[in-house]
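Engineer: Have a look at this one.
The values are calculated or read from the model by the stated rules, or taken from the named source; none is laboratory data. Owing to the predicted nature of the structure, the values given are computational and were not obtained by experimental measurement. Using ideal geometry, Cβ is built from the backbone for each residue, glycine included, and neighbour counts are taken over all protein chains shown.
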Amino acid sequence: MPVNIAAIDLGASSGRVIWATYDESDGKLTMQEMHRFANGMVHRHGQDCWDIEDLLQNILQGLTNIDANGIRLDSIGIDSWGVDFVLLDKHGERLGEAVAYRDERTTGVPEQIMQRMSAETIYQRTGIQFLKFNSLYQIQAVLNAQPEWLPRVERLLLIPDYLHYRLTGKFSCEYTNASTSQLVNAHTRDWDPELVALLGQAGAWLQPLTPPGTTLGEWTSPSGYSTRVILPATHDTGSAIVATPLEGAGAAYISSGTWSLVGVERRTPLTGAEAQAINLTNEGGADGTCRVLKNVMGLWLVQGLQKQWPELDFVTLTAMADQATPFGFLIQPNDDRFLNPPCMRMAIQEYCRETGQGIPQTPAELVRCVLDSLALCYDEVLREIESVTGERIHTLHIVGGGSKNRVLNHLCADICQRTVVTGPVEASALGNIGWQLKGLGILTDLEDVRCMVRRNTPLETLFPREVPNLSEQRKRFAALCTDSHIERTH
């Protein structure tokens, strides 16, 4: 009997409700998008926020669409971006908005925290990179701005945990997503008591950590039947890496989308001084793994440029960039100014002017600047990871929506000088589905899920080509990074 699963995959720009059917007899998986909807920040009460109730209504619409087709689901699970949260009172009602990580409320807050605990100690305990919007700093920002809330707040739920709560009425805090908060100890895989203590009474808002694959509760469909809600790796990158067909040592990944997450999978975290010096992060993975990675701004940069030319779609802009002069202009993608600029074109042009490169003018020049810079940034991160792990990376898996960008894929192979394997495109959804199948007892472990992915996903292999003057371009990019602003990301 085929198994029916709903995977809700939420990103910073869109969300999907996907119906998947898995047949145990032949291992075949089929997926169908039942509802797609836009997501984005809204400005409320002077802050950049997520319209969390609109997200919930769209999730329910997708599940209703499945139900209306006479499909009886065996399980449901939600994944989303990390670090953001919702606060609830003792009645389970939301307090305030779901403030977005791109909001400026945490400006200066990391420095405030580090007056109480050193950066070295925080990193040794959590292994998480220092990003000003980590949950640790967002919670402190709430305490700074809304101290009157302290007696009213009963609990804190990260975005997917809040949405799971709205489906089931049950509270949870799934481990892989919580690990991005900079409050989880990378070695014990539980809340770090010393970091939690820094938040005073707010530390009591945190829920016990729950592993992915746990059945949280049940959702009742419009037609009246109940189905299990199973926690996937609720961090979208965590789910994406579940579905990345890594094989053996020497394989790295890029989860490519609005953000690019570049890293390797390990069983133990890297929390020493060398890892801290390059701002590596150690995020929790499924099945006892650790995602050792760095965040790069990603295709958010191209999305920002596209707003300047609404008549040109993403594919057209990329094709135009492919014909532009390579390495004409370069930027450091993680420079602060690109996080949420009023105008991405002007931000890139200003950066190029400040760094003495001239100014890119055409859509082709601007997008080519971004793509070359992203590939050079990926290359630098891979070489940094090699230096810390002492292990050579020979294969680079590119997954997620960005893996459809063939121009960037080829640039990655050529500039990184590594074999690139692209796919699956729907990595987060596939990982979500795969871990629900494990929760149902149908698949057994991480490798079993990846075997299912390989059977059901077309993969493409790209081999590196020679790039003239590559070493000079690497040096040029490294010089920009040396002079750039503080890194940050998703």
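Engineer: Among the residues of the stretch 209-219, write down those that are crowded, with 18+ Cβ neighbours inside 10 Å, touching a residue at least 60 places away in the same chain (Cβ under 8 Å) and closer than 16 Å to Leu437 by Cα.
Structural biologist: Once the filter is applied, which keeps residues that are crowded, with 18+ Cβ neighbours inside 10 Å, touching a residue at least 60 places away in the same chain (Cβ under 8 Å) and closer than 16 Å to Leu437 by Cα, the stretch 209-219 yields Pro212, Gly213.
Engineer: Let me ask you something else. Mind listing just one residue for me: the one in the stretch 439-454 that is touching a Pro at 6+ places or on another chain (Cβ under 8 Å) and charged (D, E, K, R) and, of those, surrounded by the fewest Cβ atoms within 10 Å (Cβ to Cβ)?
Structural biologist: Among those that are touching a Pro at 6+ places or on another chain (Cβ under 8 Å) and charged (D, E, K, R), it is Arg454.
Engineer: In the stretch 35-86, how many residues are in a helix (DSSP H, G or I), touching a His at 6+ places or on another chain (Cβ under 7 Å) and either of a type in the set (A, V, I, L, M) or more than 18 Å from His164 (Cα to Cα) (or both)? Break it down stepwise before answering.
Structural biologist: Taking the stretch 35-86 and keeping what is in a helix (DSSP H, G or I), we get 52-68.
Applying the additional criterion that residues be touching a His at 6+ places or on another chain (Cβ under 7 Å) yields 58, 61-62, 65.
From what is left, the residues that are either of a type in the set (A, V, I, L, M) or more than 18 Å from His164 (Cα to Cα) (or both) are 65.
Looking only at that region, the number is 1.
One line per residue, one yes/no per condition, for (1) of a type outside the set (Asp, Glu); (2) in contact with a Ser or Thr (Cβ under 9 Å, 6 or more places away or on another chain); (3) assigned by TED's automatic domain parsing to the domain that holds Phe338:
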| position | (1), (2), (3) |
| --- | --- |
| Asp9 | no, yes, no |
| Ala12 | yes, yes, no |
| His35 | yes, yes, no |
| His43 | yes, no, no |
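Engineer: Kindly indicate whether Ala324 is under 22 Å from the mean Cα position of the chain (by Cα) and among the aliphatic types (A, V, I, L, M).
Structural biologist: Working: under 22 Å from the mean Cα position of the chain (by Cα): no; among the aliphatic types (A, V, I, L, M): yes.
Answer is no for this residue.
Engineer: Okay, moving on. Output the number of the condition that Ala319 fails; it satisfies all remaining conditions of (1) touching a residue at least 60 places away in the same chain (Cβ under 8 Å); (2) closer than 20 Å to Trp259 by Cα; (3) among the small types (Gly, Ala, Ser).
Structural biologist: Only one criterion is unmet by Ala319, namely (2).
Engineer: If a residue has to be crowded, with 24+ Cβ neighbours inside 10 Å and under 15 Å from Thr289 (Cβ atoms) to count, how many in the stretch 179-190 make the cut?
Structural biologist: 3
Engineer: Within the stretch 87-96, is even one residue modelled with pLDDT of 95 or more, part of a strand (DSSP E or B) and in contact with a Cys (Cβ under 7 Å, 6 or more places away or on another chain)?
Structural biologist: Taking every residue of the stretch 87-96 in turn, none turns out to be modelled with pLDDT of 95 or more, part of a strand (DSSP E or B) and in contact with a Cys (Cβ under 7 Å, 6 or more places away or on another chain).
Engineer: Hey, can you tell me all the residues within the stretch 414-441 that are over 19 Å from Thr237 (Cβ atoms), touching a helix residue (DSSP H, G or I) at 6+ places or on another chain (Cβ under 9 Å) and not assigned by TED's automatic domain parsing to the domain that holds Thr258?
Structural biologist: Leu437, the sole residue that qualifies.
Engineer: While we're here: Taking only the stretch 220-257 into account, find how many residues are in contact (Cβ under 8 Å) with a residue 60 or more places away in the chain, of a type outside the set (Phe, Trp, Tyr) and not in a loop (DSSP other than H, G, I, E, B).
Structural biologist: Looking only at that region, the number is 17.
Engineer: Among (1) of a type outside the set (A, V, I, L, M, F, W, C); (2) without any contact (Cβ under 8 Å) to a residue 60 or more places away in the chain; (3) within 16 Å of Glu380 (Cα to Cα), which single condition is Pro342 missing?
Structural biologist: So Pro342 meets the others, but not (3).
Okay, residues lined up against (1) of a type in the set (Lys, Arg); (2) at pLDDT below 95; (3) within 26 Å of Met34 (Cβ to Cβ); (4) not in a helix (DSSP H, G or I):
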{"position": "Ile385", "(1), (2), (3), (4)": "no, no, no, no"}
{"position": "Glu391", "(1), (2), (3), (4)": "no, no, no, yes"}
{"position": "His397", "(1), (2), (3), (4)": "no, no, no, yes"}
{"position": "Leu408", "(1), (2), (3), (4)": "no, no, no, no"}
{"position": "Pro424", "(1), (2), (3), (4)": "no, no, yes, yes"}
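Engineer: Among the candidates Leu209, Leu183, which residue alone is aliphatic (A, V, I, L, M) and either at positive phi or out of contact with any Leu (no Cβ under 8 Å at 6 or more places or on another chain) (or both)?
Structural biologist: Details: Leu183 fails: either at positive phi or out of contact with any Leu (no Cβ under 8 Å at 6 or more places or on another chain) (or both).
Answer to the check: Leu209.
Engineer: When you scan the stretch 141-154, how many residues do you find that are within 27 Å of the chain's Cα centre (by Cα) and touching a residue at least 60 places away in the same chain (Cβ under 8 Å)?
Structural biologist: Number of matching residues: 1.
Engineer: Okay, moving on. Could you say which residue among His35, His43 is surrounded by 14 or more Cβ atoms within 10 Å (Cβ to Cβ), of a type outside the set (A, V, I, L, M) and in contact with a strand residue (DSSP E or B) (Cβ under 9 Å, 6 or more places away or on another chain)? So that I can check it myself, show each step before the final result.
Structural biologist: Numbers: His43 fails: surrounded by 14 or more Cβ atoms within 10 Å (Cβ to Cβ).
When all the criteria are applied, what remains is His35.
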